[in-house]
Every structure is written in structure tokens, then in C-alpha cells.
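Here is the structure we will look at.
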């Protein structure tokens, strides 16, 4: 309403927005409430702390970090501020070295030479291995595939 008061009548906007005209003028005089000022300060503090912690702390650790710096803020307030301002933690993938090329073992020839069109079953198989992180640690999954049937055997 404040932005458009020079273009549209205040009474018409108040009626459309279902607020009283007197409350609008009272709001103009009062400015920001103490609660809004405190919330703005907390938002700034949370954003700064989020950057200081390399965007890696959740709301619980972030609120403890702020408490250690002397900022009085609840976990609920930190959670709400992070959600409203879309401050999410960065997730990093753990590096898993899967290949060791520095060895003295023999390296076998590539017998297929990238010719994957096979005319008979059980003539050429290919295989691969992958690593899957679970709560119990790394699991290894290996599969062999017949190039003729295209099925894992």
C-alpha cells in the first residue's frame, strides 16, 4: 500500500486487502517492530555463521556455534531462518580411490578391441565393479555381462 499510495486511493487498497485505513497510517508512523528488528539481526547473524562454517552445519550445530559466540538464539529460530532464506548444507562426496595404476603386475591385452557386436552366445563377456557406500561401510558389486544376450550372467 505504501508503494502504491500515490497511484491508487488508500481507501480502495485497504478495502481490497481487508485492512483498516487507520491501521495502515499507524503502521506508517511506527516503522519496524522490535520483534522484526530482532529477527533481522538474527537473520544476518545466521547468514554470517553459515558462511563461517563453510555451509556445512545443520541448524543444531549452527545454533551451538552462535551460542559460543554469545548470540542468544533458539534452535527453532535458526531452523526457520535457514529454511526461509534457503540456506542448505553443502554435501561432499567421499573420495574413494578405486584404481592403482602404479604397480609391477602384468597388464593384459584388450582381446575385444572395442568390437562389441558378437554373433554367438558365450563368446565374449564383459565385467565391471562398483563401490556402494552403506551404513555398514563400503560394499562391492561386480557383474558380468554376455555381449550376445546383453544379460548379466
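Can you pull out the residues in the range 118-128 that are without any contact (Cβ under 8 Å) to a residue 24 or more places away in the chain and exposed (fewer than 10 other Cβ atoms within 10 Å of the Cβ)?
If the condition is that a residue be without any contact (Cβ under 8 Å) to a residue 24 or more places away in the chain and exposed (fewer than 10 other Cβ atoms within 10 Å of the Cβ), then 128 is the only one that fits.
Output the residues belonging to the range 12-44 that are surrounded by 12 or more Cβ atoms within 10 Å (Cβ to Cβ) and within 36 Å of the chain's Cα centre (by Cα).
Answer for the range 12-44, where residues must be surrounded by 12 or more Cβ atoms within 10 Å (Cβ to Cβ) and within 36 Å of the chain's Cα centre (by Cα): 38, 39, 41, 42, 43.
Out of the range 85-112, which residues are touching a residue at least 24 places away in the same chain (Cβ under 8 Å) and farther than 30 Å from residue 128 by Cα?
85, 87, 88, 89, 90
Somewhere in the range 4-11, is a residue farther than 28 Å from residue 84 by Cα, modelled with pLDDT under 90 and surrounded by 14 or more Cβ atoms within 10 Å (Cβ to Cβ)?
Yes, some residue in the range 4-11 is farther than 28 Å from residue 84 by Cα, modelled with pLDDT under 90 and surrounded by 14 or more Cβ atoms within 10 Å (Cβ to Cβ).
Can you name the number of the only condition in (1) over 22 Å from the mean Cα position of the chain (by Cα); (2) surrounded by 12 or more Cβ atoms within 10 Å (Cβ to Cβ); (3) within 30 Å of residue 92 (Cα to Cα) that residue 48 fails?
Of the numbered conditions (1) over 22 Å from the mean Cα position of the chain (by Cα); (2) surrounded by 12 or more Cβ atoms within 10 Å (Cβ to Cβ); (3) within 30 Å of residue 92 (Cα to Cα), the odd one out for residue 48 is (1).
When you go through (1) within 36 Å of the chain's Cα centre (by Cα); (2) at pLDDT 85 or above; (3) farther than 16 Å from residue 152 by Cα one by one for residue 106, which number turns out not to apply?
For residue 106, the failing item is (1).
Quick check, is residue 79 without any contact (Cβ under 8 Å) to a residue 12 or more places away in the chain and out of contact with any strand residue (DSSP E or B) (no Cβ under 8 Å at 6 or more places or on another chain)?
So residue 79 fails the test.
For residue 87, are the conditions met, namely being in contact with a helix residue (DSSP H, G or I) (Cβ under 6 Å, 6 or more places away or on another chain), at negative phi and surrounded by 10 or more Cβ atoms within 10 Å (Cβ to Cβ)?
Criteria met by residue 87.
The values are calculated or read from the model by the stated rules, or taken from the named source; none is laboratory data. Computed from a predicted structure; not experimentally measured. Backbone-built Cβ (ideal geometry, glycine too); neighbour counts: all protein chains shown.
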